[in-house]
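Bear in mind these aren't lab numbers, they're just calculated from the coordinates by the rules spelled out. Everything numeric here is computed off the predicted structure, so don't read it as measured data. Note that each Cβ is placed from the backbone with ideal geometry, even for glycine, and that neighbours are counted across all protein chains shown.
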Amino acid sequence: MALNIPGLIAMIGFYVAVLATGIWASKKAKAKTTSGTVTEVVMLGERSINLAIGIFTMTASWVGGGYILGTAEAVYNPNKGLIWAQMPLQYALAYIVGGLFFAKPMRERKYVTVIDPFQIRYGKIMTVLMVIPALVGDMFNLACSLTALGGMVSTIIGLQHVYSVMISAAVAIIYTLLGGLYSVAYTDVIQLIFIFIGLWLCVPFLFLSPIPLDISITAFNNTYQPPWIGQLKTRDIPVWLDEFLTLGLGAMSFQSFQQRNLSSVSPAKAQITCFAAAVLSVIVSVPSTLIGAVAASTDWNQTDYGTPSPYERNEAHKILPLSLENLAPSYVSIIGIGAITAAAMSSIDSFLLSVACMFTSNLYKNIIRKKASDKELQLVIRITVVVAGSIGIALTFIENSIVFFWILSADMAYCIVFPQLICVLFSEISNTYGAVVGFVLSLLLRLLSGEPLIGLPSVICFPGGEIIDDVYIQPVPVRTVVALCAFLCILLFSYIFASLFRRGILPKRWDVFGITKITVPTLDNQNSVPISLNDADGESLMMSSDVTKS
């Protein structure tokens, strides 16, 4: 494929604009660092992100390349259609649930990361167990965003996949290194504006093309493929529900989401940010939905793309850039490049910073090097950003990586971390014993339940399922069942172990996690980040300035 020079120039221009914004924001961060700590400034923007910037960065953190491309793909896919384009509704649910139940307690307690509640209440062992799936999930999301961006750029511009991925990752790494959350937040504003304006400018040109049929007709009676509105068969309801809840509720476990809440000026502003982002994320999805509908209403034999169709060539995931390239003027497709690139970049920087924050705050500062200086922590953050970006680039070369990464990251967030997060935030019963048992159980149940999309066989087969193409289709929403089992298991075993120690059935000297000891936290007067305390046995427990009981 020949290199699209105008498209390449447009992409470079967008990257320059984003990089310039990141550099400008880094100066703001540098000025703030003189009066605050690295944790407060680099990781959380000194908890001073105003409402307008907060809404933009909250929305942009999830409205990424996978969101824009995936919505169009689902609508276009003849086996799915609009009813399976769940991302807009999933994210709207996530923002609403997050605003109603999670934003206020997380911000009021002044946590730094989503792992802090576990570190404060359970100690080191559970912290390591919980930070692993959280870090791996963000790494997979990073690789998924890079893969989506590389596929889009290579389709329209003709630039080789490896170069597009490396250039995009390098730009995101640079401005994340320079200014931390300040750079990420302010570049998110530019990126979201590009997404919104760019895609909406493209839509009219696709509708004016003489090739596609009227989408209002093809929604129910399509000449070229099944109607793009889609259908939901009875046997597919468990799968649909499972996918909807996996991201709609599991997203609470992502550091990229909680980081925006924690950086807000106040708990009330954090809640408002979530609710506004719920509305804005749905609005941003409308152009992708329309483009997917136009693609489903197109006879591709009449375009330069020819036959077979993108779906038959296994290129349905590229349907948005392919539609821009074949159904709109070249200058319009260039505008689309900026919009989709902005979408992917807005997620890439979020995941880079998330990984750096969790590793630096929860592992390095509070377990590996408790006496690390501010300058040392800043160096660790920068090294982690570079390492995470490099690993993300390497992961993009795995075959079928988008589906693989999405499933692994979503499963870990929903099945493993989400039930633990509910218990640690809202239950006084839960303790380390129940948390460990729940972690092991949820991991085993999910692995044994199987996953057809990545070829994982089902060892546990729930009654009432059926075998289709040698694959056992579970009759229940498997991920939700696993999450519920983990939740109940955490509470049950927490109660059992607490009762056994309290009644003397098990001697207190066997209490290796120290749940029978009462630890009184102290305040760190300099900042609100978690600080270390030691109990009588020398076990390090993490405490926050506003937590009164472990």
Item to check | Calculated Rg and Dmax of the range 212-358 using C-alpha coordinates, Å | outcome: 19.1, 56
Item to check | Residues Ile337, Ile473 arranged by fewest to most Cβ contacts within 10 Å | outcome: Ile473, Ile337
Item to check | Ranked list, fewest to most other Cβ atoms within 10 Å of each Cβ, for Met166, Met130 | outcome: Met166, Met130
Next on the checklist: Sequence gap at least 6, Cα distance under 8 Å: using those rules, report the relative contact order of the range 241-385 to the nearest whole percent.
Outcome noted: 18 percent
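Determine the sum of side-chain charges near Ala268: Lys and Arg each +1, Asp and Glu each -1, restricted to other residues whose C-beta is under 12 angstrom from that of Ala268.
Working: positive: Lys104, Arg107, Lys269; negative: Glu108.
Net charge around Ala268: +2.
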Next on the checklist: Quick check on the exposure proxy: order Cys461, Cys489 from fewest to most C-beta atoms within 10 angstrom.
Outcome noted: Cys461, Cys489
Checklist outcome for this item: Whole-Hz Karplus couplings 3J(HN,Hα) for the range 119-130, θ = phi - 60° and coefficients 6.51, -1.76, 1.60, Gly and Pro as x, run 5, 5, 8, 9, x, 5, 4, 5, 4, 5, 4, 7
Checklist outcome for this item: Once both label points are put 7 Å beyond Cα along the C-beta direction, the Ile83-Leu51 separation in nm becomes 4.0 nm
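What does the charge add up to near Pro321, with Lys and Arg as +1, Asp and Glu as -1, over the other residues with Cβ less than 13 Å from its Cβ?
Values: positive: Lys318; negative: Glu73, Glu315, Glu325.
Spelling it out: positives minus negatives among the neighbours equals -2.
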Next on the checklist: Please list, ordered by chain and number, the residues whose modelled amide H lies under 5 Å from the amide H of Glu451; skip anything fewer than 5 residues away on the same chain.
Outcome noted: Leu456
Item to check | Spin-label model distance (nm) - Ile12 vs Gln160, 7 Å beyond Cα toward Cβ | outcome: 1.8 nm
Checklist entry - So what is the relative contact order of the range 1-94, in percent, for Cα pairs below 8 Å that sit 6 or more residues apart? => result 13 percent
Checklist entry - Which semi-axis lengths, in whole Å and largest first, follow from the square roots of five times the eigenvalues of the Cα gyration tensor of the range 9-154? => result 30, 24, 16
Checklist entry - Using a basic spin-label model with each label point 7 Å from the Cα along Cα→Cβ, how many nm lie between Val279 and Phe220? => result 3.1 nm
Checklist entry - Once phi is turned into ³J(HN,Hα) by the Karplus curve 6.51 cos²θ - 1.76 cosθ + 1.60 with θ = phi - 60°, what whole-Hz value does each residue of the range 205-217 show in order, with x for glycine and proline? => result 5, 5, 5, 7, 5, x, 7, x, 7, 5, 5, 5, 8
Item to check | Note, ³J(HN,Hα) from phi for the range 106-111, Karplus 6.51, -1.76, 1.60, rounded to Hz, x at Gly and Pro | outcome: 5, 6, 5, 7, 6, 5
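Got the relative contact order for the chain handy, in percent, Cα pairs under 8 Å and 6 or more residues apart?
Working: 981 pairs, mean separation 146.0, N = 550.
Across the chain, relative contact order equals 27 percent.
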Checklist outcome for this item: Filtered hits (lysines, Cα-Cα < 22 Å from Lys27, offset >= 8 within chain) -> Lys375
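Given the chain, what whole percent of its Cα pairs are spread farther than 37 Å?
Values: 47476 of 150975 pairs.
Looking at the chain, the distances longer than 37 Å represent 31 percent of pairs.
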Checklist entry - Tell me, which longest segment in the chain has none of the trypsin sites (Lys or Arg not before Pro) that fall in DSSP loops with at most 12 further Cβ atoms within 10 Å? => result 1-232
Next on the checklist: Straight-line reach from Lys370: which lysines fall under 20 Å, measuring Cα to Cα and dropping same-chain residues less than 8 apart?
Outcome noted: Lys110, Lys124
Next on the checklist: Less than 13 Å Cβ to Cβ from Ser333, Lys/Arg counted +1 and Asp/Glu -1: what total charge do the surrounding residues give?
Outcome noted: -1
